Structure formats: structure tokens, C-alpha cells
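Comments concern the structure below.
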Amino acid sequence: MSDPTLAAAITAAILATLGLWLVICGLLPRQIRLSDALGVLISGTDSDTAEQGPVVVADPTSRLELAGAWLYQSARLPLSASAMRALMLQGRSIGDYFVNKLVLALGGLVLPQLLVLAVRPLVGPLGAIPVGVGLICGVVGWFWPDLALRNQQQQTNADAEEALNTLFDLVVLERLANMSATQAMAAAARISEVPVFVQIRDALERARLEQRPPWSDLHRLSRELELPPIGDMADVMRLDDQGAALAGVLAARVKELRDAHLTRERARAHQASERMTLWMSIPVIIFALAFLIPPLLTMAGIV
């Protein structure tokens, strides 16, 4: 049986190698992409077409969130577009996401070692088994937040659509109060702190500070969040710049979006009902077999 001292030495070597890799990644300068540099130099490109993405740090006073942001920036960790979209819809920062991954990975790596120390007086040395189990648990802990985001994607999309429908109703009311298109959207977006409201409010505020129409920012936000209704609403509100009457057009468009959302919700409810019907039929099949098998065995002469 392997010596536990060897297992502890292997674990220490792995942690030391990981720390050295993080230090080297932090000291290496990050290369600026040529497309980003040209986008900054070209007037209007950085604000109209560049994607913003989720914030890196939402709470500068949180040390854990700062640690996650440092890990993301220094180690150049990848972040998929779907994960960025989910973080924006949930109102989470990149630092919070990566510190969650880091804590779960370290917990999975250390927890088996602590359990071995607790049960060692009862079962004796376990060799290198805790090290392998710790590595597996660490990998699972690192990817667990990704699986959680993927499992919550459908509910996150439904919540975002509900928030958009409420926002559009508020825009119609503000528009009926003789506000301009931009003022109506800004006033409606200030009512709630839901992530979709916050994203639209930030886009409107950014366009206001740059003294330009916000429609391109709303279209960019629509592409980032994969919520086409935001772009449709921007196209309708753009008509205000041409002097068109928006009350009837806006109310009709909001009704179409709400009807489309209702149709999607009915389809989801129908799918959920079908899945429930499948699981409900299993006990019926079991009871039917329990009543049918004895007569069949008697007829066959087995019993």
C-alpha cells in the first residue's frame, strides 16, 4: 500500500505547479488584438459595433469577487458567448462567476484529504486514492457552475421575456404621457433593478453621454442577449425621429410580442405536461404487470 506521505507530496507538488503557472500567467503582458486597436482608432466603431459583455467586477469591495476577476484576467481563462449571455441576463459579474468556480474546485480538491484525516484513525492509511478522488472532485467543481448555467438557461430566458413584456407595457404608458421615445424608455427602465432593465438603462445612458441616438446600442444589446424584441422595439421607437405617431403602432407591436410570448409559454407548458404524463404512466404499467403476471404464469403451468 502506498505511503500517505507520498500522496501528500504529490498533492503539494500539484498545488505548487498550479501556483507557479498562475504567477507566470500574471507576469506575462497581454497582447492587444489588432482588430480591437483599429476599432478604437476608427470613429464610432467601438461604441456602435463592439460588444460590451458582462461587467468584470460588480462590487469593488468584495475581495472574493476581485480574486475571481484577477484570476480571469491574469490566467486568460476562456468564457464562452453563451456563458457571457447567461451572466448578463442574471446580473452576475465575471468575477463572481470565476470565484464560484475557484471555490468549488478548491473545495473538491481539499475535501477528500480532510475526510482521510478524519477517518484515518479508524481505517488506517488509504494511499494515493484520496489524491485521485480529490483531483476528480476538483475538476467536477470547476465545471459545475457551467452545468448550472446551462440548466438554468430556459428559466433565465423565460424571466427575461417576462421582464421585457413588462418593460414594453411601461414604455407605452410613458409614451401616452407625452414623453419622447428616448425619455419613455429611460423612464420605464429606471423603475426596476431586474438585469434586463439594468442592461437597457445602461445602453440608454451610454448613448446619452455620447450625445447620439440609442438605437444602435439597443440593437447591439439585442444581439448580445439574443432577445430580438429589444431590436424590434428600437425600430418602432426610431420612428419618433421622423415625426410619426407612435401610440397606436407601439401598442400593436407590444400586443404582438406578448401574443408570441404567450404562444411560446403554452408550447413549453404542453411539453412539460407530456413529460409528466410519461412518468405518471410508469406506476400504472407496474400495477398492470403485477395483476397480469400471476394469471399468465398459472395459464403457462409455471405456478
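Output yes when any residue across segment 155-168 is in a helix (DSSP H, G or I), at pLDDT below 90 and over 25 Å from Asp259 (Cα atoms), and no when none is.
no
Can you tell me how many residues in segment 253-303 are touching a Phe, Trp or Tyr at 6+ places or on another chain (Cβ under 7 Å) and of a type in the set (Ser, Thr, Tyr)? Give the derivation first.
We begin by selecting, within segment 253-303, every residue touching a Phe, Trp or Tyr at 6+ places or on another chain (Cβ under 7 Å); these are 254, 257.
Now drop any that are not of a type in the set (Ser, Thr, Tyr), which leaves none.
Of the residues in that region, 0 qualify.
Which of the residues that make up segment 231-251 are small (Gly, Ala, Ser), modelled with pLDDT under 80 and assigned to a helix (DSSP H, G or I)?
Looking only at segment 231-251, we keep the residues that are small (Gly, Ala, Ser), and these are 231, 234, 243-245, 247-248, 251.
Cutting the leftovers down to modelled with pLDDT under 80 gives us 243-245, 247-248, 251.
Scanning segment 231-251 gives Ala247, Gly248, Ala251.
Looking at Asp159 and the list (1) in the same structural domain as Val55 (by TED's automatic domain parsing); (2) surrounded by 14 or more Cβ atoms within 10 Å (Cβ to Cβ); (3) under 16 Å from the mean Cα position of the chain (by Cα), which single condition is not satisfied?
Result: Asp159 fails condition (1) only.
Check segment 35-49 and report whether any residue there is on the phi < 0 side of the Ramachandran plot, outside any helix (DSSP H, G or I), at pLDDT 85 or above and of a type outside the set (D, E, K, R).
No, segment 35-49 contains no residue that is on the phi < 0 side of the Ramachandran plot, outside any helix (DSSP H, G or I), at pLDDT 85 or above and of a type outside the set (D, E, K, R).
The values are calculated or read from the model by the stated rules, or taken from the named source; none is laboratory data. Predicted, not measured: the structure shown is a model, and the values here were computed from it. Please note: Cβ atoms are built from the backbone with ideal geometry, for glycine as well, and neighbour counts cover all protein chains shown.
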